[in-house]
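Read through the structure below, which is laid out as structure tokens, and then see the notes.
The values are calculated or read from the model by the stated rules, or taken from the named source; none is laboratory data. As the structure is a prediction and not an experimental result, all values here were calculated from the model. Keep in mind that these areas ignore ligands, DNA and RNA; they rest on the heavy atoms of the full protein, side chains included. Shrake-Rupley method; radii C 1.70, N 1.55, O 1.52, S 1.80 Å.
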Amino acid sequence: MSAVLTDAKLQGSAKERDRRERVGKVMRDSFDFRAMARESLGSHWASLSAEQQDEFAGLFGQLFERSYNRLVLRFLGDSTTTYGAESVEKNGAVVHTTLVRKNTDELPTDYRLTSAGGLWKISDVVVDGVSLAGNFHAQFEKTIRTASYDELVKKIRTKLAEER
């Protein structure tokens, strides 16, 4: 992603849409949105039909991409990444990084990865100790508990439509 953000051809406010689209493509290639969607719904995932799971994974991917894209374009565009230790287990790994801005602010960011079919994909991002997947899970759980799964889907669709 940093290559996209530092590409001289993509600089300036006139190129913001192009930068956003390129970052989005990198994200779709790098993140396992289905695994993240499953994790964000917790035990509710198993009660969904295959069609509902596909629909939710798509909605979640769009929602996460927009949220993370804002973080990337706001913070990462003006930072360098320092890579730390990696830990690898059977089908999972964690890559520890620190994002350092020009004013020396540091933001510890860990990328949790899972391996499926020989490909490693990001399944969670932990920013300054806060799991993005865990944050979504807490929000989604509250909506499902106080309303319903259908209401959650409706809220996500509304949010996505408002941000267009």
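Between Ala161 and Glu55, 0.36 nm times their residue separation minus their Cα-Cα distance comes to what?
So the chain would gain 36.6 nm between Ala161 and Glu55.
Using a 1.4 Å probe over the heavy atoms of the protein chains, calculate the carbon and sulfur portion of the accessible area of segment 52-164 as a whole percent. That fraction is 50 percent. Rolling a 1.4 Å probe across all protein chains gives Lys142 an accessible area of roughly 120 Å².
Taking 0.36 nm per residue of separation and subtracting the Cα-Cα distance, full extension of the segment from Lys102 to Ser148 would add 12.1 nm.
Coupling constants for segment 130-139 follow from the phi torsions by the Karplus curve (6.51 cos²θ - 1.76 cosθ + 1.60, θ = phi - 60°), and in residue order they are 10, 6, 5, 5, x, 5, 4, 4, 4, 5 Hz; glycine and proline get x. Note on Trp120: accessible area is roughly 110 Å² with a 1.4 Å probe, heavy atoms of protein only. For segment 102-159, the Kirkwood estimate of the hydrodynamic radius, built from every pair of different alpha carbons, is 13.8 Å. Around the amide H of Asp124, modelled in the peptide plane, lie the amide H atoms of Arg112, all under 5 Å away and 5 or more residues distant in sequence or on another chain. Derived scalar couplings between HN and Hα for segment 46-59 equal 5, 7, 8, 6, 4, 5, 5, 4, 4, 4, 5, 4, x, 5 Hz in order, rounded to whole Hz, by the Karplus curve 6.51 cos²θ - 1.76 cosθ + 1.60 (θ = phi - 60°), x for Gly and Pro. Per-residue surface analysis assigns Thr104 an accessible area of about 100 Å², computed on protein heavy atoms at 1.4 Å probe radius.
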